[in-house]
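So the structure is just underneath, and the comments pick up after that.
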Amino acid sequence: MSKPTADRPSHWDPKATPYPPVRRDPNSSEVFQSKQNGSVTIPDPYSWLHEPPKQSKETQQFVTRQQALTKDYLSKYSHRDALHEAVTKNWDYARFSCPSLKPDGYYYFSFNSGLQAQSIVYRVKKGEEEEALKRATDPKQPAGELFLDPNLFSIDGTTAFSFSAVSESGIYMAYGVSRSGSDCQTIYVRRTDCPHTKTAADGGKRGEDPGRMKDTVEKVKFSSLSWMKDDSGFFYSRFPDEQPNTTEPGADLKGEVELYFHKLGEPQSKDLLIMEDPANPSYMWGAEVSDDAKYLILTTSKDTGRSNRLWVADLTSQPLSSEMKWQKIVNEFGNEYIFVANDNSRLYFMTNKDAPKRKVVTYDLSKPEEGFQDLIAEDPQAVLEGYSPTNNDLTVLSYSRDVKDELYLHEIKSGKRIKRIGEELIGTIGGISGRRKHGEFFFQISSFLSPGTVYRYRFDRPEDQALAEFRKTLIPGLDSNDFVSKQVFYESKDGTKVPMFIVHMKDFKQDASAPALQYGYGGFSINISPFFSPSFMSFVAHYGGVLAVPNIRGGGEYGEDWHLAGCFENKQNVFDDFQYATKYLVANGYAAPDKVTIMGGSNGGLLVAACVNQAPWLFGSALAEVGVLDMLRFHRFTIGRAWIADYGDPDTPEAFDYLIKYSPLHNINPAAEYPALMLLTAGQ
């Protein structure tokens, strides 16, 4: 598909089509404290926009006018329909998750035939999965029986199935539901012998969830869910009762998060309070019951940082209550501890304590004086990403080495490495599925060129047959052999070597004439590993473009040190890394100087906006999705306070001094010529 210059919308002429008028309040300002300059007054002429549209007619009018202006402009692009058709075609492929064997004897998996609003949960009885796959000759067939169709939950298909947990007996499934993309969720319960009988596409009645039990747990947000092994109920965290109606999309839950136990069959009003901390309302709780039902492992986080407290309660010696006795293994914040398994009183954890790339340690509850003991040492060249117990006494460890994933098999008790699994497989490993008592596990490999292939490893097979392809995603009309995906390393401003993935067509000419889409994030220790995007691949295929994904500092690609190099006063490193990626693309002929589009969402939206402010001449256009653009006030809205772990607290003089230097809202240069810029915000 070509894109002739004559068919593009004309450049914006604000005189011919002016932007909608927006009221400025010259008297609105706020005083902040600076370590360098004392009290500093910051103008805030649009402070009235802090009120959300549902609470302010003026804000709603602003949003409506901006949307109308944008839609009118974009509608004038003559290839809009053809582009929409191409992207839709690339999205229309069957995709599925790894099967997960539940105690009822069924493998459960999510499946989407292509363009369904929500993926559907199917299942197949253990022992029948191979035959089911053979019968599903059409890739768009699910290869199993229907269990739950979230497309039935709402009329418009915007209510999503967000997480689930099946009880130890396999009789009950608890699952979270969110509406219109909201973080607020409601937990429901259904028996596994009571599946949906029809999908929405087959005539099921929309707006209903037939067959579920009466249990309804509301005001849930950012919660884990763990069943007691006797099926009596589950642990979850929630916000207090004094909240807005959380069935409304966009409801903003506030106040102290509390940990509760929901007893099956009882109303939520009778749920048992397990943990609260009124003095620290921002604390978040995670509770997990050990596989042997002996212990409740409690983690406490105060923000999004890689740091938590760690307490353990003996479930065999005391009833559930808010007065439970806890063994406070780690009672201070500073390091991350992730519970992964236990052998009686010996508990196993992944941690970054004295190991920025993580290691595995043990802690014996019966010998607390011994403290933590190293079991599997940190790999100085690879980040430990996951630990999945399997086949009783073994575990699968996943590592990321230069942003490429690897799997290794270890003994649980000794930590001894046995072998590497799937050495020939290259890509991002996700969705490792299996339990310690299972003699098999599944995992999925994906990349920029493939949505994913599910593999199965069975311990009862000969060595050369243990690993086998289970199901592969196929995309009609898109041949991965037509593309090239490679990794390069470039120098940032301070000389740091930064990896970057580059994707283009095989017949691509590296002559500095192509358009490029550069995507980034750079924060919260989140890895941007190779991933498949139908939209990105449409751009590469139809425009002869280049996709570039630099793994900039602030992420977790090289462990906690890499993350911290992009936090707080070091945040400028993130922006430098991203800008130097653009310079590399242009200098090495991958992209034309005026054809680089930068894109990012959330923290990546901040990245895009800050880079546009700092170097507008570098980019041809920019797309910032739901960006954090006001670095002086981000902590006052929704979950923003948790982001202080990466950004710092604007209310402290030290943090104010570095935040004000790059805050996008406060560093717009009216004298600069900016590239085409599109800002997207959340629907709620």
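Would you work out which of PRO53, MET537, TYR236 lies farthest towards the positive end of the dipole of the chain? Charges go on Cβ: Lys and Arg +1, Asp and Glu -1.
Most positive-ward Cα: MET537.
Could you give the nm distance between label points at GLU208 and LYS506, where each point is 7 Å from its Cα heading toward the beta carbon?
5.2
Order these by the 10 Å Cβ neighbour count, fewest first: ILE426, ILE552, ILE660, ILE120.
Working: ILE426 13, ILE552 31, ILE660 19, ILE120 25.
Fewest to most other Cβ atoms nearby, the residues stand as ILE426, ILE660, ILE120, ILE552.
Starting from 0.36 nm per residue, how many nanometres of slack lie between ALA676 and GLU288 once their C-alpha separation is accounted for? Mind showing how you got there, number by number?
Details: separation 388, 0.36 × 388 = 139.68 nm, distance 4.81 nm.
Additional length available on full extension: 134.9 nm.
Quick check for me: using +1 on Lys/Arg Cβ and -1 on Asp/Glu Cβ, what's the dipole size of the chain about its Cα centre, in debye to the nearest 20? Before the final figure, lay out each step's value.
Numbers: 76 positive and 90 negative charges, 231 e Å.
Here the chain has a charge dipole of around 1100 debye.
Tell me, VAL340, VAL360 in order of fewest to most beta-carbon neighbours within 10 Å? Intermediate values should be presented prior to the final figure.
On the way: VAL340 19, VAL360 24.
Going from sparsest to densest Cβ surroundings: VAL340, VAL360.
At 0.36 nm per residue, minus the direct Cα-Cα distance, what do THR64 and ARG417 gain on full extension? Give it in nm, one decimal, please. Numbers along the way, then the final one.
Details: separation 353, 0.36 × 353 = 127.08 nm, distance 5.92 nm.
Between THR64 and ARG417, full extension yields 121.2 nm more.
With each label point set 7 Å from Cα along the Cα-Cβ vector, what nm distance links ASP482 and ASP354?
The modelled label-to-label distance comes out at 5.5 nm.
Report, for the chain, the % of DSSP beta bridges that are antiparallel, rounded to 5.
Working: 126 of 144 bridges.
Here the antiparallel bridges make up roughly 90 percent for the chain.
Take the residue pairs LYS102/LYS294; LYS263/LYS359; LYS270/LYS437; LYS35/LYS497 and return only those whose Cα atoms are more than 28 Å apart. Present the calculation step by step, with values, prior to reporting the outcome.
Working: LYS102/LYS294 21 Å; LYS263/LYS359 36 Å; LYS270/LYS437 34 Å; LYS35/LYS497 33 Å.
Those over the limit are LYS263/LYS359; LYS270/LYS437; LYS35/LYS497.
Checking the cross-link filter: which lysines have an alpha carbon closer than 17 Å to that of LYS76, excluding same-chain neighbours under 8 positions apart?
LYS3
Under 5 Å between amide hydrogens, which residues at least 5 positions from MET275 or on another chain qualify, with H placed 1.01 Å from N in the peptide plane?
LEU259
Around GLY415, under 13 Å between beta carbons, what's the net of Lys plus Arg minus Asp minus Glu among the other residues?
Details: positive: ARG346, LYS359, LYS413, LYS416, ARG417; negative: ASP343, ASP374, GLU378, ASP379, ASP393, GLU411.
So the surrounding residues net to -1.
Quick check: convex hull of the Cα atoms in region 534-601, volume per residue, rounded to a whole Å³? Working shown, then result.
Values: hull volume 7.2 nm³, N = 68.
Dividing the Cα hull volume of region 534-601 by its residues yields 106 Å³.
If I model a spin label at ALA377 and SER321 as a point 7 Å from the Cα along the Cα→Cβ vector, what separation in nanometres do I get?
Placing both labels 7 Å beyond Cα along the Cβ direction yields 4.8 nm.
So what's the back-of-envelope 222 nm ellipticity for the chain, counting only DSSP H runs of four-plus at -39500 (n - 2.57) apiece and dividing by all residues, rounded to 500? Provide the component values of the computation, followed by the final result.
Working: 9 runs with 94 residues, N = 684.
Taken over the chain, the calculation gives -4000 deg cm²/dmol.
At 0.36 nm per residue, minus the direct Cα-Cα distance, what do LYS15 and ASP314 gain on full extension? Give it in nm, one decimal, please.
Working: separation 299, 0.36 × 299 = 107.64 nm, distance 7.12 nm.
Result: 100.5 nm gained on full extension.
Which ³J(HN,Hα) values, rounded to whole Hz and listed in residue order, are derived for region 361-369 from phi using the Karplus coefficients 6.51, -1.76 and 1.60 in 6.51 cos²θ - 1.76 cosθ + 1.60 with θ = phi - 60°, glycine and proline given as x?
The phi angles translate into 10, 10, 9, 9, 5, 7, 9, x, 5 Hz.
Bins of 5 Å, beginning at zero and ending with the bin holding the largest distance: percent of Cα pairs per bin for region 380-475, please.
All Cα pairs considered, the percentages come to 3, 13, 24, 27, 19, 10, 3, 1, 0.
For Cα extents along the principal axes in Å, the listed values are (1) 72, 61, 51; (2) 97, 51, 45; (3) 73, 61, 55; which was obtained by calculation from the structure presented?
Here the calculated entry is (3).
How high is the relative contact order of region 380-475? Use alpha-carbon pairs under 8 Å, at least six apart in sequence, and give a whole percent. Before the final figure, lay out each step's value.
Working: 209 pairs, mean separation 18.4, N = 96.
Once normalised by length, the contact order is 19 percent.
Given +1 on the Cβ of Lys and Arg, -1 on the Cβ of Asp and Glu, and no further charges, what dipole in debye does region 380-475 carry about its Cα centre, rounded to the nearest 20?
280
Name the residue from GLY452, LEU409, GLY427 whose Cα lies farthest towards the positive end of the charge dipole of region 380-475, charges +1 on Cβ of Lys and Arg and -1 on Cβ of Asp and Glu.
It is LEU409, whose Cα lies furthest towards the positive end.
Report the rotationally averaged projected area of region 481-680 based on its alpha-carbon convex hull, in square nanometres.
Values: hull surface 44.6 nm².
With the hull built on Cα positions only, its mean projection is 11.1 nm².
Rank these for me by crowding, ARG471, ARG65, going from fewest to most other beta carbons within 10 Å.
Working: ARG471 22, ARG65 14.
Fewest-to-most Cβ neighbours within 10 Å comes out as ARG65, ARG471.
Suppose a student asked you for the relative contact order of the chain, using Cα pairs under 8 Å spaced at least 6 residues apart; what percent would you report?
Values: 1541 pairs, mean separation 53.8, N = 684.
Computed over the chain, the figure is 8 percent.
Every read-out reported here was derived from the displayed coordinates using simple, explicitly stated rules and does not represent laboratory data. Predicted, not measured: the structure shown is a model, and the values here were computed from it. Note: ideal-geometry Cβ built from the backbone for every residue, glycine included; neighbour counts use all protein chains shown.
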